[in-house]
Amino acid sequence: MSSQNIYILGIESSCDDTAAAVICNGKILSNVIASQKIHEEYGGVVPELASRAHQQNIVPVVAQALKKAGIEQSQLHAIAFTRGPGLMGSLLVGTSFAKSMAYGLNIPLIDVNHMQAHILAHFIDEEGYEKPIFPFLGMTISGGHTQIVRVDDYFKMEVIGETIDDAVGEAYDKSGKILGLGYPAGPEIDKRAKLGNPKAYQFTKPKVGGLNFSFSGFKTAVLYFIQREVKANPNFITENLNDICASIQYTIIGILIDKLKLATKETEIKHIAIGGGVSANSGIRQALKDGEKKFGWTTYVPKFEFTTDNAAMIAIVGYLKYLEDDFAESNVMASARLKI
């Protein structure tokens with residue numbers, strides 16, 4: 001089987017990005033994303049608008065992915081799609097399209113767990129990027145998720161820690177909203193944090209047992225702090241924005257690294273791979289690099305384009321499942337709360 005070129009189309013539609021990618025064996029031939037700008041004016045993703053935009057985008061995005069890959073749809077061996085977790089309306093668009101296309105081409109359909117895909121994105125063949133060694137700890141950090149997963153094999157994963165309320169990306173976005181920054185606020189906070197003093201202001205870290213996370217109390221602490229300071233000085237935010245951003249980022253990274261330290265101690269696994277949109281954050285990447293020196297970790301950070309929601313990660317899981325003949329039934333349903 002390995003001497004033959006296996007082409008898989010991956011489709012991702014879990015939130016507000018419509019994405020399609022083509023993989024040949026382990027190599028990505030195309031990775032196309034249509035982002036939805038409409039949500040910026042609302043300061044967050046509006047599910048109804050998201051699913052409507054997916055309906056408009058999915059046909060041209062898939063057509064472009066095939067064209068960029070230089071293949072015909074008749075050459076495809078299977079179609080992989082995001083089954084969940086995510087926004088139900090958005091997932092339904094991708095699921096229905098993938099089912100129809102697979103049925104029309106009479107090829108297998110492969111359902112993919114979005115959270116597994118963030119972790120398995122590390123196994124895309126990409127020059128200059130090493131693949132993690134089993135077992136490793138996968139930390140997925142995004143707008144909707146914060147998890148630490150023990151990974152013993154491609155499809156042998158166990159969530160050993162997760163957020164009990166809000167995700168880390170939401171902590172960034174809500175803090176940004178309080179400061180009057182645009183949406184999403186993460187990249188702006190990251191940029192300003194480099195110019196500020198991370199120890200200018202102190203925010204207490206939430207006390208959560210074990211390997212779980214909590215960010216709702218942190219968001220409230222930022223809100224009360226800003227309200228108090230602005231009352232005393234109406235120009236507080238504009239005069240201290242870089243320091244505030246640096247202090248917020250410093251606290252968030254501290255929370256993540258503390259849990260990783262505990263996880264490596266408990267599992268005795270020192271290989272750490274991160275994924276999800278927030279893993280694009282330069283402060284987090286630097287903290288992991290520091291962890292290599294301080295704690296003897298081996299860290300794996302994916303290529304930037306494979307961190308946010310993308311179809312390349314869906315395609316690689318599709319390829320790995322194809323090799324195991326792990327196909328979905330035609331009556332497979334999208335699942336908004338799909339677990340690893």
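The values are calculated or read from the model by the stated rules, or taken from the named source; none is laboratory data. Because the structure is predicted, anything quoted here is derived from the model rather than measured. Here the Cβ positions follow ideal geometry from the backbone for every residue, glycine too, while neighbour counts run over all protein chains shown. Ligands, DNA and RNA are stripped out before the accessible areas are found, and what is left, the full protein with its side chains, is counted by its heavy atoms. Shrake-Rupley method; radii C 1.70, N 1.55, O 1.52, S 1.80 Å.
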Within the stretch 174-199, the residues that are farther than 30 Å from residue 266 by Cβ, open to solvent by 40 Å² or more (accessible area, probe 1.4 Å) and not basic (Lys, Arg) are 178, 180, 182, 183, 184, 187, 188, 195, 197
Regarding the stretch 257-265, can at least one residue be identified that is more than 26 Å from residue 16 (Cα to Cα), open to solvent by less than 60 Å² (accessible area, probe 1.4 Å), modelled with pLDDT of 95 or more and among the small types (Gly, Ala, Ser)?
yes
Among the residues of the stretch 256-301, how many are of a type in the set (Gly, Ala, Ser) and either at positive phi or touching a strand residue (DSSP E or B) at 6+ places or on another chain (Cβ under 9 Å) (or both)?
8
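Would you pick out the residues in the stretch 91-113 that are open to solvent by less than 10 Å² (accessible area, probe 1.4 Å), of a type outside the set (Val, Ile, Thr) and in contact with a helix residue (DSSP H, G or I) (Cβ under 8 Å, 6 or more places away or on another chain)?
94
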Residue count, the stretch 222-255 (criterion: open to solvent by less than 30 Å² (accessible area, probe 1.4 Å) and out of contact with any strand residue (DSSP E or B) (no Cβ under 7 Å at 6 or more places or on another chain)):
15
Determine whether the stretch 180-191 contains at least one residue that is on the phi < 0 side of the Ramachandran plot, touching a strand residue (DSSP E or B) at 6+ places or on another chain (Cβ under 8 Å) and not acidic (Asp, Glu).
no
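Pull up the stretch 111-147, narrow it to residues that are touching a Phe, Trp or Tyr at 6+ places or on another chain (Cβ under 6 Å) and outside any loop (DSSP other than H, G, I, E, B), then point me to the one that is nearest to residue 164 (Cα to Cα).
146
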One residue from 290, 309 being assigned to a loop (DSSP other than H, G, I, E, B) and either more than 22 Å from residue 135 (Cβ to Cβ) or open to solvent by 20 Å² or more (accessible area, probe 1.4 Å) (or both):
309
